[in-house]
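Down below is the structure, laid out as C-alpha cells.
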Amino acid sequence: MTASALLPVFALMTSLTAAIIIFTLPEQKHRLRTVVNLTAALLKLLLVGLMIWGVFQGREYGVSFTMVPGVDFVLRADALAMLFAGLSAALWLLTTVYAVGYLEGSPNRSRFFGFFSLCVASTMGIALAGNLFTFFLFYEMLTLSTYPLVVHRGTQQALRAGRTYIIYTLTGGAVLLLGISLLHSFAGDLPFRPGGHFAGIGPDLQAPLSIVFVILIAGLGVKAAIVPLHGWLPTAMVAPAPVSALLHAVAVVKAGAFGIVRVVFEIYGLETANALGLLSGLAAIAAFTIVYGSVRALSQSDLKRRLAFSTVSQVSYIILGLCLLGPVGVAGGLVHLVHQGVMKITLFFCAGNYAETLGIHRIDELDGAGRRMPATSVAFTLAAFGMIGTPPLAGFITKWTMGTGALATGMDWVIAVLVVSSLLNAAYFLPVLNRIWFREQKDPWTEERQWGRFETSAWLLWPPLVTAAFLVLAGVLASASFSPLGWVELIVAREVGP
Amino acid sequence: MTLLLMAGLLFTPLAWAVLTLLAGFRRGRGITWLGIVIQVLVSLALWAVVAGEGGFQYPLGGWQAPLGIELRVDGLAVTFVLLTALVAAASGLHAGFYLDPDKQWHRYFWPLFWFLWAGLNVVWLGNDLFNLYVGLELISLSAVGLVALGGQAEALRAAIRYLMAALLGSLAYLLGVALFYGQFGSLSLSGIAFALSHGSAQGAAGFALILMLFGLALKTALYPMHWWLPPAHGIARSPVSALLSALVVKGSFYIAARLWLELEAPLGSLALAQLLGILGSIAVFWGGWQALRQPKLKQVVAYSSVAQIGYLFLLFPLTWNTTEAVALQAQQAMTLQVISHALAKAAMFLSAGNLILSVGSNRVNALAGVSHFLPFSLFSFGLAGVSLMGLPPTGGFAAKWLFLQASLATGQWWWLVVLVGGGLLSAAYVFRVYRASFVEDSNIDHFFHPARRLEIIPMVLALLSLGLGLIAEPVLSVMALVFANGEGT
C-alpha cells in the first residue's frame, strides 16, 4: 500500500485530528484554536486537490477492511466523491474563517469548533464512502455532530429546534438502516459501482428491490428535505449563521441528496431504476418539492426562514436532474450540488452579516441596507440573481442544462416546472433586493456596531465575497474543463456513458 | 506457563480478597491496585495464548472430570475474562479516587470487589453446573454487599430487595441442577448434552431447563423480573453501579446462553424461544420508556440497562431451529452486545458519577450549564450513549447489525421493529440528558471539578466501546476459537 492510496484516509484524518486537538485545548486559547482550524482546513484542501488531480488522470485511491463479518469499511476516491469532497473542503475553509469572526467574544467556542470539525470530517466520509454501510456510518456521525451546533446558543428556541432536528434525522437514519439491512440480506455487501448492481435482474427480485428503493429514499429524503420530510429545516435555522450556512450548503441537506445520487447511480443503476418505474415517482416528488418550497418561501417574513424554504426547493433540483435520464439532464442536476452550495452559502453569510452588524433579522428591516453595507449587499444580490437563474451566473447554468436535458429525453413538463420555479424565485428574492437597494432607511438599525475598518469585520466580509466570485466564475467559465460543469461532465461520462 | 496463568487468574482474586479484608481503606486501595495490575496482565496473557494456540480444557489440580473440576478455556471465555479485567480495573481505579476514605464501611469495598471478580472468572471458565452455581452465588452475594455500601436506608432497602431476587433465582437454578443430576448422574454440561443426544428421557429435563432459565432470567433482570435492578443500580455508588450493570447481570446471562446453546436442540421449544425473545423485546421498550421518564440521572442509566439487557434475549429465538450460519450470527451479535454494553454502561455510570459530583445533585434537570464546566465527562457520557443507541461505528451498532441480519435471514421480521425502535428510544433518553446540559440560563455558577483522573477512566471505556465496531471482525475471530483438539463447540 503506497502513501497515495491512503490519501482518502489522510483527508478524513485532518478534520478528525483537528477536532481532537480543539476539544483538548482550553477554552481561552482562541488564537491557537484558530491556527489549528485554518491549518487543518488548508491541509485538507491541499489533499483533496491532490486527489482531484489524480482522479482526473484516471487514478483511484482507496482502502478497505472488514468491520463486521460480511461488511467492509471502504473509503474510495472516485470522480463523484471528489465533486462533494471538493465542495466540502473549499467551503469548510471559508466557513471556518467566517465562524471565527462570527463567534468572536462568545462563550463555548471550544465546543463549537470541535463539533464543527467533526461535522466536516463526517461530510468528507460521506463523500469518500465506498459502500452503503460506510456511507451510513458517516451519515449518522453527521447527525450527531451537528446537534450540538444547532443547539449551540442554548436558548429554549434553539433546544426546541434541536429536538425537532434530532427526531427527524435519527428517524430517517433508522429507516435508512432498515433499507440497507434489507438490501444486504438479499444482495450482500454492495460497493458503489458505476452502472449499479442490478442490471438485468429477474422478475422475482423486482418487487423487493422497488420496496427497498422506496425505504432508502425515504430515509435519505429526510436530510435532503424532500416534502413532506422537510419540517426540520426551517426550524433549524435558529442555529448560528455559520452553522446554517454549513447545514444548507454542504453538510446535511447535501448528504441526503448525495446519498440519493449514490443509490440511484451506483447501487441500482440509472437504467434499472428507470426500468423498475421508480424514477418517475421520484421526479414527481422532486418537482412538487421545488414548487412547494418556493411557494412557502414567498410568505416568510424572517430572512433566514425564507432562505431555508428556498433550500427545500433548490435541493430537489439535484434529485429532479437525476430523473431526467439523459446525460445532459443528469449533469444539470449534479452540477447543482455545487452551484446551490456556493449560492446558498453566500446568502447565509450575508444574512449573518446583516444580523451581526445591524441586528437585522426580518426582511422589512432591510430597507436601505445596501447603502450601509454595499459589499455584502452586492454579494447577496449576485447570489439571489444566481438562484433566480439570470445568465451568466451559476444558477442559470443549472437551469439551462437541465432544460436542454429534459427536452432531449422528451420530458417537456420539466420545462414548465423550471419556469414556474424561476418565477417564484424572482417573486421572493426581488422584493428583498428592492428593499436593500431602493428603499430609504426608515428606523435606526436595532443593534448597529462598528466592526473594523470595513462595513463589518473582515473575517465576516471576505467569505461571502469569495463565494460570490465563485458563483460568477462558475457561470462565466462553465465550459472550461476545471469548472464544476466540466467536472460533472467527466463524472457523467464515467457513470452514465455519453 | 498455562498452569501459572490459570492459578493467577483464579487465586489472585481470592487471595486479594482476604488481604484487603485485613487492611483499611487506604492500604486496601494500594493492595488492590497492585492486584489489578497482576490480574490485567494475566488476563491479557491468557487471551494471547488462546488467540495464538486455540482454546483448551483445563483440569484443575490435574483431576479429570467427572471427579475433578474441569475448566473450559475457549475463545469466548477468555474474551470475557479480558473484558472483566478491563471493566473491573477501570471501576477499581475509579473507586479508589471516588469513594470517601473516611467512611468506615467503605473499606469493605475492596474484599467485596475481589470476591466479585473471582466469581466472574469462575462463571466464564466453569464447565459444570455446580461450579457455575458457586460462581453465581459468589457474584450475587458480593454484589448485594456492594449495593449496601451506599450506606443510607434506601441503599439497604434496595440491597435487601436485590438479595431476595438473587436468592430466589439461585434457588430455581439449583433445583434445576438437582433435577439434571438426578436424571443423568452428571453435572458436566457437555456430559448432559452427550447423554441427551443419545436419546435419554426428556420430561423432567425439559422442566429443569425452564426452571434454570427462569432463575437466571430473574438474576439478569429480564422484564417483568427487573423490579430489583433500577433501585439497586441507581442507589449504589457509581463505580459499584458500573460493575453491576456492566458485568454482574452478564454473568447470569452467560450461563443461560451456555445452557441454551448446548441443550436447545433436545430440550428447547419454539414457544420457549419466542417467549424469551418477546420478554426481551418488551424489556427494550419498557426500559427505554421508563428511562425517558426518570427524574434522576442514575435511574435513567439503570433503566437503560433493563432495555439493553432485553436485546440479549433475542439470542434465543434466533438460534432455535435455525441454520448454523444464522445461529453463529446471533451468537456473535450477543457477544458483541455483551461487550459493548459492558464498556458503554460502565463508562456511562462512571461519567454520570462525575457529573453528579460536579453539580451536587442527581437530578437530570440540575445538569444545566454543565457542558461549560465538565465537557470531558459529558462527552464520555455522550460517546457511551452513541453505543447504546446502536449508531455506527460503535460495538452496539455492530451487534444490532448482526441481529438485524439474523432476523431477516430467518424471516422473523418482527424483531426488526424492536431493533430499530429500541435504538430510537435510547436516543430519546440519551438526548434528554444532553439537552438538559446545553441549557444556558442556569442559576448555578459554581461547580465542583472532579479530579482529571476520574474523568479519563470513563473516556477510555467509552472510546473502547466506540472503536469496538471498527474491530469487530478480529475480536469475533478470537471468540470463535474453540479447543485446539477439535472437541466441544
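The values are calculated or read from the model by the stated rules, or taken from the named source; none is laboratory data. Note that this is a predicted model, so its numbers are computed, not measured. Quick reminder, even Gly has a Cβ in these numbers, built from the backbone with ideal geometry, and neighbours come from all protein chains shown.
For this structure, a couple of remarks:
- Filtering region B:407-418 to residues that are out of contact with any Ser or Thr (no Cβ under 7 Å at 6 or more places or on another chain) and either among the aliphatic types (A, V, I, L, M) or closer than 15 Å to B:G390 by Cα (or both) leaves only B:V417.
- Against the criterion of being under 26 Å from the mean Cα position of the chain (by Cα), over 30 Å from A:H339 (Cβ atoms) and touching a residue at least 40 places away in the same chain (Cβ under 8 Å), A:F56 does not qualify.
- Of all residues in region B:350-370 being more than 23 Å from the chain's Cα centre (by Cα) and hydroxyl-bearing (S, T, Y), the one that is surrounded by the fewest Cβ atoms within 10 Å (Cβ to Cβ): B:S361
- A single entry from A:S88, A:S122, A:S145 fulfils the requirement of being of a type in the set (G, A, S), more than 10 Å from chain B (Cβ to nearest Cβ), farther than 19 Å from A:F265 by Cα and surrounded by fewer than 23 Cβ atoms within 10 Å (Cβ to Cβ): A:S145.
- Evaluation of B:L216 against (1) farther than 29 Å from B:L146 by Cα; (2) at pLDDT 95 or above (one fails), failing number: (1)
- Number of positions in region A:148-197 that are among the hydrophobic types (A, V, I, L, M, F, W, C), within 7 Å of chain B (Cβ to nearest Cβ), part of a helix (DSSP H, G or I) and over 28 Å from A:T66 (Cβ atoms): 2
- Restricted to region A:335-438, the set of helices (runs of 4 or more DSSP H) holding at least 3 residues that are modelled with pLDDT of 90 or more comprises A:374-388, A:394-408, A:413-438.
- Qualifying residue in region B:438-448 (condition: buried (at least 24 other Cβ atoms within 10 Å of the Cβ), within 12 Å of chain A (Cβ to nearest Cβ), over 24 Å from the mean Cα position of the chain (by Cα) and touching a residue at least 12 places away in the same chain (Cβ under 8 Å)): yes
- Test: residue in region B:326-348 that is part of a loop (DSSP other than H, G, I, E, B) and either more than 14 Å from chain A (Cβ to nearest Cβ) or farther than 28 Å from B:V240 by Cβ (or both): no
- Matching residues, region B:370-422, being within 9 Å of chain A (Cβ to nearest Cβ), closer than 30 Å to A:G154 by Cα, in a helix (DSSP H, G or I) and not polar (S, T, N, Q): B:H372, B:P375, B:F376, B:F379, B:G382, B:V386, B:M389, B:F397, B:V420, B:G421
- Verdict on A:M402 being under 22 Å from A:L320 (Cα atoms), in contact (Cβ under 8 Å) with a residue 40 or more places away in the chain and out of contact with any helix residue (DSSP H, G or I) (no Cβ under 6 Å at 6 or more places or on another chain): no
Let's see how each residue does on (1) under 29 Å from B:L83 (Cα atoms); (2) of a type in the set (S, T, N, Q):
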residue: B:L175; (1), (2): no, no
residue: B:H198; (1), (2): no, no
residue: B:A204; (1), (2): no, no
residue: B:A208; (1), (2): no, no
residue: B:A221; (1), (2): yes, no
residue: B:P224; (1), (2): yes, no
residue: B:Q274; (1), (2): no, yes
residue: B:G277; (1), (2): yes, no
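- Among the residues making up region B:9-31, those that are more than 15 Å from B:L116 (Cβ to Cβ) and either surrounded by 15 or more Cβ atoms within 10 Å (Cβ to Cβ) or of a type in the set (D, E, K, R) (or both) are B:L19, B:A23, B:F25, B:R26, B:R27, B:R29, B:I31.
- Qualifying residue in region B:354-362 (condition: outside any helix (DSSP H, G or I), more than 10 Å from every other protein chain (Cβ to nearest Cβ) and at positive phi): yes
- Scoring A:T134 on the criteria (1) more than 7 Å from chain B (Cβ to nearest Cβ); (2) among the β-branched types (V, I, T); (3) without any contact (Cβ under 8 Å) to a residue 60 or more places away in the chain leaves a single failure, condition (3).
- Scanning region A:132-151 for residues that are in contact with a Phe, Trp or Tyr (Cβ under 6 Å, 6 or more places away or on another chain) and of a type in the set (A, V, I, L, M, F, W, C) turns up A:L149, A:V150, A:V151.
- If you go through region A:296-324 and keep only what is touching a strand residue (DSSP E or B) at 6+ places or on another chain (Cβ under 8 Å) and of a type in the set (A, V, I, L, M, F, W, C), you end up with just A:L303.
- With respect to the conditions (1) crowded, with 21+ Cβ neighbours inside 10 Å; (2) touching a Ser or Thr at 6+ places or on another chain (Cβ under 8 Å); (3) more than 25 Å from B:Q405 (Cβ to Cβ), A:T164 lacks only one, and its number is (1).
- Answer from B:Y254, B:Y311, B:Y223 - the residue that is assigned to a helix (DSSP H, G or I) and farther than 30 Å from B:S377 by Cα: B:Y254
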